[in-house]
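Below you'll find the structure, written out as structure tokens, and then a few comments.
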Amino acid sequence: VSKLHAVTGAFGYSGKYIAQRLLDAGHQVRTLTNSPNRKHPFGDRIEVFPYSFDKPDELAESLEGVSVLYNTYWIRFNHRLFTHAEAVRNTITLFNAAREAGVERIVHVSITNPSEDSPLEYFSGKARLERALMETGVSHAILRPAVLFGKEDILVNNIAWALRRLPVFGVFGDGQYRLQPIHVDDFSRLAVEQGKSRENTTIDAIGPETFTYKGLVQEIGRIIGKRRPVISVPPGLGYISVAILGKLVKDVILTREEIDGLMADLLCTDSPPAGTTKLTEWAKAHADSLGRHYASELARRRDRERGYGRE
Ligand SMILES: NC(=O)c1ccc[n+]([C@@H]2O[C@H](COP(=O)([O-])OP(=O)(O)OC[C@H]3O[C@@H](n4cnc5c(N)ncnc54)[C@H](OP(=O)(O)O)[C@@H]3O)[C@@H](O)[C@H]2O)c1
């Protein structure tokens, strides 16, 4: 049966893949976004509404008739222009609006290992939101990815980009902390599957391969034909180097908090894989294009008309 589904950020990264799958399944799709004019492949097949976080009644109206809400909205790091605290407030407003509007199910995107006690606001904010979602009483699935990869991703692409341009690659400390990347389309399949259920659940949305950070860098270097010496640098020095490089590309490449989260092994779990696509195989198939262009988080935030991909 065709239903109306709402996806936040359908012209962004994961939201785009979720929206595509819903359209392919014959559903009507509506998006809430900051970027109604961002380039996207959907023509006029998606209804577009703004995130009216400051007008909760309008937000609830924009969710009228929606059976499932897929929520990808979040901010990656604290910045002059946006903060985690604001994203937490806005998301709670969104959850309440969904409940007001009678949305049947919320599929919410979180992070591996969230904890309200975490000193890292990314992880504490996500934990706070998981609790807020449970408290709405709306049927929900919480999906916890560690890292997404695919055509428009940032982390894997930019590791390849650095390997292409720099003679050595520095990892923070010993580089032995781990990550479990999931392909963005495997992730979207999981999200849409969870949109069909009405059971409350929390799933670690991880892929089939576990890498150490250093191992991931070496593997990508091998695959794109840029084997560089991978050296350990003290995290503080690594952070300063990344910050300087960030100035050159006019982006925030990684924040100190992101490095701390990575090094605390927070992007790794003991759960079974939820995706099947191997990063190594995907990277081989995209070895020519991977890392050719730098993928900028801040450019996505500043230029709300350009699409995430480069095609
Ligand atoms: N990408 C990853 O590797 C990764 C890893 C772990 C967890 N996650 C989680 O997965 C979810 C989706 O990630 P994604 O990479 O697919 O996100 P995305 O498409 O870049 O963004 C999702 C939505 O959030 C909005 N947004 C992002 N940054 C913002 C900012 N600084 N200020 C205001 N709005 C902002 C976007 O705005 P627009 O409407 O303007 O596009 C979009 O509507 C997030 O909840 C994230 O925490 C992602």
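With within 12 Å of the ligand (Cβ to nearest atom), among the aromatic types (Phe, Trp, Tyr) and either open to solvent by less than 10 Å² (accessible area, probe 1.4 Å) or assigned to a strand (DSSP E or B) (or both) as the only criterion, which of Phe77, Phe53 stands out? Spell out how you get there, then give the answer.
Values: Phe53 fails: either open to solvent by less than 10 Å² (accessible area, probe 1.4 Å) or assigned to a strand (DSSP E or B) (or both).
When all the criteria are applied, what remains is Phe77.
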How many residues of region 39-49 are closer than 23 Å to Gly195 by Cβ and within 13 Å of the ligand (Cβ to nearest atom)? The answer is 4
List the helices (runs of 4 or more DSSP H) inside region 210-305, counting only whole elements, that have at least 3 residues being among the acidic types (Asp, Glu).
256-263
If you scan region 56-74, which residues turn out to be free of Cβ contacts under 8 Å to residues at least 60 places away in the same chain and within 14 Å of the ligand (Cβ to nearest atom)?
Leu59, Ser62, Trp74
In region 259-270, anything open to solvent by less than 40 Å² (accessible area, probe 1.4 Å) and not β-branched (Val, Ile, Thr) is listed as Gly261, Leu262, Leu266, Leu267, Cys268
Pairs please, first residue from region 94-113 and of a type in the set (Lys, Arg), second anywhere and within 11 Å of the ligand (Cβ to nearest atom) and at pLDDT below 95, Cβ atoms under 6 Å, 6+ apart in sequence or on different chains.
none
Checking the structure you have, find out if any residue of region 37-46 is under 18 Å from the mean Cα position of the chain (by Cα), farther than 17 Å from Ile142 by Cα and not basic (Lys, Arg).
yes
Only one of Glu130, Glu219, Glu135, Glu193 is of a type outside the set (A, V, I, L, M), in contact with a strand residue (DSSP E or B) (Cβ under 8 Å, 6 or more places away or on another chain) and open to solvent by 20 Å² or more (accessible area, probe 1.4 Å). Can you tell me which?
Glu219
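From the list Ala141, Ala85, Ala97, pick out the single residue that is in contact with an Asp or Glu (Cβ under 9 Å, 6 or more places away or on another chain) and in a strand (DSSP E or B). Don't jump to the end; show me each part of the working.
Working: Ala85 fails: in a strand (DSSP E or B); Ala97 fails: in a strand (DSSP E or B).
Residue meeting the stated conditions: Ala141.
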Scan region 92-108 and give yes if some residue there is among the acidic types (Asp, Glu) and open to solvent by 50 Å² or more (accessible area, probe 1.4 Å), otherwise no.
yes
Pairs returned, first residue in region 175-195 that is more than 10 Å from the ligand (Cβ to nearest atom) and of a type in the set (Val, Ile, Thr), second residue that is assigned to a helix (DSSP H, G or I) and modelled with pLDDT of 95 or more, beta-carbon separation under 6 angstrom, 6 or more apart or interchain, are Val192/Arg21
Take the conditions open to solvent by 50 Å² or more (accessible area, probe 1.4 Å) and on the phi > 0 side of the Ramachandran plot and apply them to Asn113. Does it pass?
yes
When region 101-132 is checked residue by residue, the ones that are among the basic types (Lys, Arg) and either under 16 Å from the mean Cα position of the chain (by Cα) or within 15 Å of the ligand (Cβ to nearest atom) (or both) are Lys126, Arg128
Out of (1) outside any helix (DSSP H, G or I); (2) among the hydrophobic types (A, V, I, L, M, F, W, C); (3) more than 12 Å from the ligand (Cβ to nearest atom), the one Leu22 does not meet is (1)
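From Gly291, Gly246, Gly236, grab the single residue that is crowded, with 17+ Cβ neighbours inside 10 Å and either modelled with pLDDT under 95 or at negative phi (or both).
On the way: Gly291 fails: either modelled with pLDDT under 95 or at negative phi (or both); Gly236 fails: crowded, with 17+ Cβ neighbours inside 10 Å.
Checking each option against the conditions leaves just Gly246.
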On the given criteria, is Arg164 farther than 30 Å from Gly102 by Cβ and more than 11 Å from the ligand (Cβ to nearest atom)?
yes
Lone unmet requirement of (1) within 12 Å of the ligand (Cβ to nearest atom); (2) crowded, with 23+ Cβ neighbours inside 10 Å for Ala141
(1)
Here are some residues: Phe123, Phe169. Which one is touching a Ser or Thr at 6+ places or on another chain (Cβ under 9 Å) and crowded, with 19+ Cβ neighbours inside 10 Å?
Phe123
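The values are calculated or read from the model by the stated rules, or taken from the named source; none is laboratory data. Just so it is clear, the structure is predicted and the values come from calculations on it, not from any experiment. As a convention, Cβ positions derive from the backbone with ideal geometry for all residues, glycine included, and neighbour counts pool all protein chains shown. Each accessible area value is taken on the protein alone, full model and side chains, heavy atoms only, with ligands, DNA and RNA left out. Shrake-Rupley method; radii C 1.70, N 1.55, O 1.52, S 1.80 Å.
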